[in-house]
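Peer 1: This structure is in structure tokens; I'll ask about it shortly.
All of the numbers you see were taken from the coordinates with simple rules; none came from a lab. All values derive from a computational prediction rather than experimental measurement. For neighbour counting, all protein chains shown are included, and Cβ atoms are generated from backbone atoms with ideal geometry for every residue, glycine included.
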Amino acid sequence: MYYNNLSDYYKKKFGGKVVKLSFNGGFSCPNRLNGGKGCIFCSGSYEYAGNINSTLREQYDEQKKMMDNKWPNAKYIAYFGSFTNTFDTVDNLKKRFEEVLTYPDVIGLSIGTRSDCISDECLEYLKDLNSRTFLTVELGLQSSFDDTLKFINRGHDKKNFTSCVKKLKDNNINIVVHIINGLPNETEDMMLENIRYLNSLNIDGIKIHNLFIVKNTTLANMFNNKPFKLLTLDEYIDIVCKQLKLLNPNIVVHRLTGDPKKEDLIEPLWALKKIDILNGVVKKLKKDKAYQGIDYKKS
């Protein structure tokens, strides 16, 4: 295998097929308080999650019915990924997380959040969850450069992120980090430096996303007013392969591309070609006789 993929990791750890079910917990984001517009690439909708108008149990039943057609014996990770899923009181977090853990065949919990939204009280609760289930905390970083974080209106800096990761790792909590390739003003060297930075943090997993522009975002307004260069498909594949070669081979790769909705996507249109992207990465690694971590020690 050319890289340490999530499906194989789950199969090895749990002995069978494990699938993520996406739940919408109705959480918000601190970056949108008091009229804030959030990160420049975020549309502010509950994307890639369950139906906000459905109960958690209804979201579970609907998704499980679909999954049963493909994998009737699968186990499930309950994934809360839309917006910031620790941005609430711990009592409210418990109401949601404890409920989904009682559903049939749910063997773990994955919580998407931000490094500036894990209070000491929340950390204590995460430690408790970690002792009872397979817990993963997914942290959006996007870039390890403070100038970029400020430009995309992220709302926290690298120092805050580093501190948060250390606290989680000190408590043996599994961490997955999201980064975006192709952010404005970032060079290839900077994108590779993002990988070196994450290697230094001893994280457990990574999600690599391609920058795409969707409707109803600050980024879309910027692009429409003054178009800027976006990565081509070939450039993106080339950069991802270089990143994988640098990446610690023990880090599990959860994603190599994003999933924009066709009706919302402005550019680049190749972002819809997920299979082409994934196959392109494998094809190039194979051609180069390379694999995840081959250049890790050189980094």
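Peer 1: Provide V281, V19, V177 in ascending order of the number of other Cβ atoms located within 10 Å of each residue's Cβ, fewest first.
Peer 2: Arranged by neighbour count, lowest to highest, V281, V19, V177 become V19, V281, V177.
Peer 1: Quick check on segment 6-292: of the DSSP beta bridges with both residues there, what percent are antiparallel, nearest 5%?
Peer 2: 5
Peer 1: I need the shape label for segment 148-299. Rule: rounded when a/c is under 1.5, else prolate if a/b > b/c, else oblate, with a, b, c from the alpha carbon gyration tensor.
Peer 2: Note, shape of segment 148-299 comes out oblate.
Peer 1: What distance in nm separates the simple spin-label points at D128 and K17, each placed 7 Å from Cα in the Cβ direction?
Peer 2: About 3.5 nm, to one decimal.
Peer 1: Taking the number of other C-beta atoms within 10 Å as the exposure measure, put T187, T148, T89 in order starting with the fewest.
Peer 2: Least to most surrounded, the residues fall as T187, T89, T148.
Peer 1: Let me check I've understood the local charge: for F223, count other residues with C-beta under 12 angstrom from its C-beta, Lys and Arg +1, Asp and Glu -1. What total comes out? Could you put the intermediate results ahead of the total?
Peer 2: On the way: positive: K215, K226, K229; negative: E267.
It works out to a net charge of +2.
Peer 1: Could you calculate the FRET efficiency of N153 with E263 from 1/(1 + (r/R0)^6), where r is the beta carbon distance between them and R0 is 41 Å, rounded to 0.05?
Peer 2: The value I calculate is 0.95.
Peer 1: Contour minus end-to-end for K273 and N172, with contour as 0.36 nm per residue of separation and end-to-end as the Cα-Cα distance?
Peer 2: My answer for the length gained is 32.7 nm.
Peer 1: Rg/Rh for segment 1-152 to two decimals, with Rh computed the Kirkwood way over all alpha-carbon pairs.
Peer 2: Looking at segment 1-152, the ratio lands at 0.98.
Peer 1: Quick check on the chain: helices-only [θ] at 222 nm, where DSSP H runs of length 4 and up contribute -39,500 (n - 2.57) each and the sum goes over total residues. Nearest 500, please.
Peer 2: Numbers: 10 runs with 116 residues, N = 299.
Rounded to the nearest 500, it is -12000 deg cm²/dmol.
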